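Read through the structure below, which is laid out as structure tokens, and then see the notes.
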Amino acid sequence: MTLSPTNFTFVSRLVRQEASIILEPGKEYLVEGRLLTLARKAGVSGVDEFLTQVQSRIDLAANHAIVDALTTNETSWFRDREPFQALTDAVMPALVTARAATRNIRIWSAACSSGQEPYSIAMLMEDALPAGWRYEVMASDISSEMIKRAETGEFTQVEMNRGLPAQMLVRHFERHGTAWRISPALRRSVTFRRLNLDTPLPSHQPFDVIFLRNVLIYFDVATKRSVLKNVSQLLRPDGWLFLGAAETTIGVDDRFERVAAGRASAYRLKAPVPASTARKG
């Protein structure tokens, strides 16, 4: 059954309101594909009928399930490689010098999906940090379902085959039935929470590194600015921000400047302009 314009408009508004994601006309096929499982669970003939039923009553659980289903959750281990290489080769040596007094590194994996990114970061921290140092990884996502999955630290063989080096598998995972489970020690190093990046974020100690990769591409310019503003408030003045290869702060938020980080690019907050210099301008 073809999705009606009324039901597509309902889904578009719901996803825009709850997740700040823009669904333009022409994405009806995406909605039908992503919501088909929900329609079958509801025992109806198709997505159009399912959405009509949802709108006929107040059903917050169904609305939340729709948003979860429409949130893109594409991920893999050490995705795109170069940012992770930059983390160990360029960023960590600089931070080890800068954080010598506290010997603690804090990293945020925003939009973490099912957890491969934050666990990839944690594995690198185990190798990169000198003895006696501590690290914390916070991971967040807008999808409650993804957060629940990530917290288990359990992955299928298909998921394990997507980018995980064999030596990492041997060192940090153990068999759990037909799946693999991350080691308890590594699991304890990562905390998870549900966050909407387009809303005021909870108060946190600032982070030394933020991974906000392959997120901004789903937002309009106004939402990108809002997200970057929120993120900037949780980044240390000398911290590092990693975006996806197709993303940039240029022309969106002039608080950041792009810098080289090994073979990758990262973003850092510009130094404040001294008041005397600002007055002369």
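Just one of (i) 0.94; (ii) 1.59; (iii) 1.11 is Cα Rg over 2.2 N^0.38 Å calculated from these coordinates, so which is it?
Matching entry in (i) 0.94; (ii) 1.59; (iii) 1.11: (iii).
From the cross-link list K41/K148; K224/K270; K27/K148, which pairs have alpha carbons spaced over 24 Å apart?
K27/K148
Return one number: the angle in degrees, 0 to 90 and rounded to the nearest 10, between the long axis of the Cα atoms of helix 5-19 and the longest principal axis of the Cα atoms of the chain.
So the inclination is approximately 30 degrees.
Please say if the range 118-182 is rounded, prolate or oblate, where rounded means a/c under 1.5 for a ≥ b ≥ c the square roots of the C-alpha gyration tensor eigenvalues, and otherwise the choice is prolate for a/b larger than b/c and oblate otherwise?
Oblate.
Give the angle, between 0 and 90 degrees and rounded to the nearest 10, that separates the Cα long axis of helix 116-128 from the longest principal axis of the Cα atoms of the chain.
Taking the Cα atoms of the chain, the angle to 116-128 is about 20 degrees.
Would you mind getting the accessible area per residue of the chain, heavy atoms of the protein chains only, 1.4 Å probe, in Å²?
Value for the chain: 50 Å² per residue.
Express the carbon and sulfur contribution to the solvent-accessible surface of the chain as a percent, rounded to the nearest whole number, probe 1.4 angstrom.
52 percent
Among S140, V31, A100, whose Cα sits farthest toward the positive end of the charge dipole of the chain (+1 at Cβ of Lys/Arg, -1 at Cβ of Asp/Glu, about the Cα centre)?
The Cα lying farthest towards the positive end belongs to A100.
State the Cα centre-to-centre distance between the range 103-141 and the range 12-50 in whole Å.
33 Å
Any idea what the dipole of the chain comes to, in debye rounded to 20, about its Cα centre with Lys/Arg Cβ at +1 and Asp/Glu Cβ at -1?
Here the chain has a charge dipole of around 820 debye.
Mind checking the full-extension length gain between R13 and S76? Use 0.36 nm per residue of separation minus the Cα-Cα distance, one decimal, nm.
Value of the extension gain: 19.7 nm.
Between the helical axis of 28-41 and the dominant principal axis of the chain, each derived from Cα atoms, what acute angle in degrees is found, rounded to the nearest 10?
70 degrees
Can you give me the Cα centroid spacing of the range 51-98 and the range 159-178 in angstrom?
What the calculation gives is 21 Å, centre to centre.
Quick check on the range 70-224: take the gyration tensor over C-alpha atoms, sort the square-rooted eigenvalues as a ≥ b ≥ c, and tell me if it's rounded (a/c under 1.5), prolate or oblate.
Oblate shape, in that a/c is at least 1.5 and b/c is the bigger or equal ratio.
Grab the DSSP H runs of the chain that are 4 residues or longer, score each as -39,500 (n - 2.57), total them, divide by all residues and round the 222 nm result to the nearest 500 deg cm²/dmol.
That calculation yields -12000 deg cm²/dmol at 222 nm.
The values are calculated or read from the model by the stated rules, or taken from the named source; none is laboratory data. It should be emphasised that the depicted structure is a prediction, and the values quoted were computed from it without experimental measurement. Heads up, the Cβs are rebuilt from the backbone with ideal geometry, glycines too, and the neighbour counts pull from every protein chain shown. Side chains are part of the model used for accessible areas, which takes the heavy atoms of the whole protein and leaves out ligands, DNA and RNA. Shrake-Rupley method; radii C 1.70, N 1.55, O 1.52, S 1.80 Å.
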